[in-house]
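For reference, the structure is listed below as structure tokens.
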């Protein structure tokens, strides 16, 4: 099968697409893939390193206020559709899958107009403008949160989950924590604010770090490169205490997540897909800087079923973070119930579900 995948701008659009590609490559090695992104998006750095064929189109998003730039955006959109059609004619895909971002708007729209089977994949509980637009033209919409169904045509919409979940679900217990100076069989809290880190989470952790020395659990904190230097100046990282490991970044995040008891972090769709596939309880601090405040809505859907606790960015302090962590880690019954609720919300066969959806529309 020849599959064209498009999506970009953020890792939340890119990593699910790559996870799906890796899944299909395993079960159908003779499949051919082409990834279409933009020349300046994050996908331009990530995808070429995977060895997947990669082409680009030029496009930008609309400004939400009146701006002359929007006239340029319209012109680029029209030009990008023409470029997309050229790429599609050259590759001759059996199906086109868009995972979000402005680039997928042009490519999926062009494919639909060319009568090629199309799928839109939505990772968040509240869809972005591009996927709302594409829902009128795509053959199927795969969603990751049940709450997202209300925004799309009922007859097209299928709950498939996020393909990243299936990759994480196959991870098992290991000695992953030992490489960070922690004890593998001790209760562990993982704290991270994304690959770049998060200012409010870092401020709260600086305040809370001395208290962790007295706890009966250990903490692994990935601060992000931008905040690691500040932590290094404030604390002697080698002698901080045996309960805490501070790292700028965790490369083997999948393995680490499979070996911790509680996750603390932002409420991005990919992160949620990963920890629910593992049945981890979580404390989520939604970023207030994302479109439509979708991280708060992502988190709230899990708060409603008892899988997570939520702390708003404005309410986050060292004290509030410690209280919330202790409430879960010091109460086995609470932790157990949250884990069960998390596992119930997880979709560990998401890539397989999306693959089934592909086969439904490809004739």
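Observations on the structure shown:
- Candidates are the residues of the stretch 287-299 that are more than 30 Å from residue 172 (Cβ to Cβ) and surrounded by 17 or more Cβ atoms within 10 Å (Cβ to Cβ); the one that is modelled with the highest pLDDT is 296.
- Filter result for the condition that a residue is under 22 Å from residue 206 (Cα atoms) and without any contact (Cβ under 8 Å) to a residue 24 or more places away in the chain, over 261, 313, 236, 225: 236
- Extreme residue, surrounded by the fewest Cβ atoms within 10 Å (Cβ to Cβ), among residues of the stretch 108-125 that are farther than 23 Å from residue 273 by Cβ and touching a helix residue (DSSP H, G or I) at 6+ places or on another chain (Cβ under 7 Å): 114
- Qualifying residue in the stretch 39-47 (condition: at pLDDT 90 or above and over 27 Å from the mean Cα position of the chain (by Cα)): no
- Qualifying residue in the stretch 187-195 (condition: free of Cβ contacts under 8 Å to residues at least 40 places away in the same chain and assigned by TED's automatic domain parsing to the domain that holds residue 279): no
- Taking the numbered list (1) modelled with pLDDT of 95 or more; (2) surrounded by fewer than 20 Cβ atoms within 10 Å (Cβ to Cβ); (3) under 19 Å from the mean Cα position of the chain (by Cα) in turn, residue 26 passes all entries but (3).
- Breaking point among (1) surrounded by fewer than 18 Cβ atoms within 10 Å (Cβ to Cβ); (2) closer than 18 Å to residue 211 by Cβ, for residue 316: (1)
- In the stretch 146-163, the qualifying residues are those that are in contact with a helix residue (DSSP H, G or I) (Cβ under 6 Å, 6 or more places away or on another chain) and not in a strand (DSSP E or B), and the one that is farthest from residue 273 (Cα to Cα) is 147.
- If the condition is being in contact with a strand residue (DSSP E or B) (Cβ under 7 Å, 6 or more places away or on another chain) and free of Cβ contacts under 8 Å to residues at least 40 places away in the same chain, then the stretch 119-136 contributes 120, 122, 131, 134, 135.
- In summary, helices (runs of 4 or more DSSP H) completely within the stretch 262-340 and bearing 1 or more residues that are in contact with a strand residue (DSSP E or B) (Cβ under 6 Å, 6 or more places away or on another chain) and within 23 Å of residue 19 (Cβ to Cβ) occur at 269-278, 294-303.
- Hey, residue 210 free of Cβ contacts under 8 Å to residues at least 24 places away in the same chain, in the same structural domain as residue 284 (by TED's automatic domain parsing) and out of contact with any strand residue (DSSP E or B) (no Cβ under 6 Å at 6 or more places or on another chain) or not: yes
- A single entry from 224, 279, 268, 306 fulfils the requirement of being surrounded by fewer than 18 Cβ atoms within 10 Å (Cβ to Cβ) and touching a helix residue (DSSP H, G or I) at 6+ places or on another chain (Cβ under 9 Å): 306.
- Listed conditions (1) surrounded by fewer than 15 Cβ atoms within 10 Å (Cβ to Cβ); (2) out of contact with any helix residue (DSSP H, G or I) (no Cβ under 7 Å at 6 or more places or on another chain) are all met by residue 180, apart from (1).
The values are calculated or read from the model by the stated rules, or taken from the named source; none is laboratory data. Not measured: the values here are computed from a predicted model. With ideal geometry, Cβ positions are generated from the backbone for all residues, glycine too; neighbour counts draw on all protein chains shown.
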